[in-house]
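These notes concern the structure reproduced below.
The values are calculated or read from the model by the stated rules, or taken from the named source; none is laboratory data. Owing to the predicted nature of the structure, the values given are computational and were not obtained by experimental measurement. Glycine also receives a Cβ, built like all others from the backbone with ideal geometry; neighbour counts cover every protein chain displayed.
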C-alpha cells in the first residue's frame, strides 16, 4: 500500500516537473493583456547612478521598465537618456510612490515589447520656408506635450538622402502655421522608387503657452496636392 | 486345606462386602492422559486441518497492465504467425487431385490405359521370358544336356535356351492391348492439364504479400475557407493597438474622440503547404485488394503579419502524428508496372503546437519575441481518395506516385492550412518494398 502511494506521488512529481518545462521563462514571455498592445510616445530617462530605466510619457506618467527583451541595450544606434521614443508595452502593475521620479505624478511597471527611437529636431521659428516641399505622405501626426511627432512616407532611391524641416514663421499668431518641408528633389512620384517610412519629432517647447493653441500643419501630399491638418495644442499640467 | 482356604476367603469377603474406596480426584484425568498417550503411540500424528477464510487478493494495477500487455502480445503473435503461414499458401494437392480425378480414374475407368510403343517393347521381353520359363517348366525334366543329345539328336541346345526375341511378342498371350495412334490428348494429359489450371486458379485467389513503403506528400488547395475574425483572434493572429489619445492627437485615429483608441491593424495570413512523410505497411488480401496502414508525420507552418504602429508577426508551428487506414484495388498488374485506386482515412493528433509572437518596427526588428504553447485537444479526422501507379524495379522494390484529393473535417483544431483549405489535392511519391510470395 505504501509502495503504491509512493509510486503515485512519484508520478505526480514527474508530471509537475515535465509541465514546468513547457512554461514560459519568467516575465520574458508573459503577455498580460493577451493580444492588446499599448502604444505611447515618451522620453527615455535614466537617472545617474541608477540602473532603472524610465520612460516618461507626455502626460507625466512614469513607466518603469521591469522587463524587456534587451531591446534598449541592443538598439542600433543606442538609445540614451533624453531620447524621444515610441514604445510598445504591457502594464504589469502600479509603481510604489517611492519608485516614481520626482517630476512625475504616478507610474506603472511595464513589460517593454518594442521600442523605436525617434530623431528629434528643432523647429525653425520666425523664418519663412526657403524652398518648396517635395511630395510626402503624412500618415501619422501626434501632438504631444512638447513634441510634434510625424510619420512620413516618401519615395526614395537607395543613394538619395532626405531631410525634413518644420518652419513656424509667426509663433505669436492665434493659429500656429507650421510648414513641413521635405527635401528630396530628385525623387519624383513616378520614377518607381521604393517608399520609405520615417518618423521624426519636432521640439515644440518654444511654442508652449498657458492656453491651448490651435495649429495648422502644411505639407505637399505624395500626389503633389497641398494639404493642411488642423489640430489643437493642449496645455499640460 | 481347602476348607481352611474357603473359610479364609469367606471371611475376607464378608469383611469387605461393604468396603468402598473413593477414587482419587484426578484419576479420570490420568486415565485420559494415559489413553491419549496410548493413542499417540498407536497412530501417527497429523496436523489438524484448518479452513482459513479465503482472502481474495486484488490484482494490482501494475500486474493487470502486465497481464493485459502479455495477452495483447500473444494475440498479436498468434495473428501474425497465422498470417505468415498463409503468406505462401500451398494448394492442397490431395484436394486438387480429388477434384481432377473426376475426369479420369484409372481404377474405375473401363478404358485401358494406352501404352506407348516404347513401353510395349520393354514389357514384352519380360513377358516372353515368363512364357519361356513356363514352357521350360512344363517340359519333362532333363537331367543333362548330354541326355538330351542322346535322347533326341534332332534337338539342338540352342532351342532349349531360346532367347526372347521380337517374335516373342507374338507368343505373348497375357494382354491384348492395342496401341491407339490418335491426335487427341490422352486422359493422362488431360488430367495433367486440368491440374495445372486448378493450381493456377488457386494462386489467383490467394494474396498474402506484405509491402512496406516510405513516402512524402503535400497538398494543394482546392477550396478556400477564409478564417473568421473570431478564429483569427483565437489563433492569436489578431492584434489590437491601444493608442493613448488623451495627451495628443493622432492622425491615424481622426474619427476618435475617446481618450484611448483601439486600433486593429489588418492581419495577412500565410500558410505554407503542409508536408507529410510516412511509413506504410500494406497487406494483400487477394491479388487485387489490399489493406494499408502506417504512421505519418505532418508539419504545418503558418505566419500572420499585422502592421500598425508596430509590426506584429505570429508564427505558428504544428506537428501532427497520424495513423492512416485505406484499401486499394489494383486494376492493372503487369510485369513492370501496376496501377491502383485507393480510398481511406486517417486519424491524426497534434503532438506539438506552439506560437511565436514578435513585436517590432517596420524598419528595424527591435522587439520582443515570445513563445506560447497552443492548447491542443482532440484529433484531426480526414478522408482521401487517390489513383496511383508503381514502377517495379525488380521483384522486391518499386517506385510509386499517387494523385488524389483529401478532405479534413472540422475538429476544432488550431488554425492552419487544413482549416482554411479543407478540400485539397494531394500528391504522394515514395518507394515500396515487397516481401513474401511474388507473382
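Side notes on the structure shown:
- Lone unmet requirement of (1) modelled with pLDDT of 90 or more; (2) within 18 Å of residue B:358 (Cβ to Cβ) for residue B:270: (1)
- Against the list (1) away from chain A (no Cβ under 14 Å); (2) surrounded by 15 or more Cβ atoms within 10 Å (Cβ to Cβ); (3) in a strand (DSSP E or B), the condition residue B:370 fails is (1).
- Residue in the range B:340-357 that is closer than 30 Å to residue A:117 by Cβ and crowded, with 17+ Cβ neighbours inside 10 Å present: yes
- Any chance residue B:377 is within 24 Å of residue B:234 (Cα to Cα) and within 14 Å of another protein chain (Cβ to nearest Cβ): no
- Matching residues in the range B:213-237 - criterion: being within 14 Å of chain A (Cβ to nearest Cβ) and in contact with a helix residue (DSSP H, G or I) (Cβ under 8 Å, 6 or more places away or on another chain): B:231
- So residue A:155, is it in contact with a strand residue (DSSP E or B) (Cβ under 6 Å, 6 or more places away or on another chain), more than 13 Å from chain B (Cβ to nearest Cβ) and modelled with pLDDT of 85 or more: no
- Among the residues of the range B:309-326, none qualifies, meaning not one is crowded, with 19+ Cβ neighbours inside 10 Å and modelled with pLDDT under 75.
- Verdict on residue A:112 being in contact with a helix residue (DSSP H, G or I) (Cβ under 7 Å, 6 or more places away or on another chain), away from every other protein chain (no Cβ under 13 Å) and crowded, with 21+ Cβ neighbours inside 10 Å: no
- Residues within the range A:150-177 that are surrounded by 14 or more Cβ atoms within 10 Å (Cβ to Cβ) and assigned to a strand (DSSP E or B), tallied: 14
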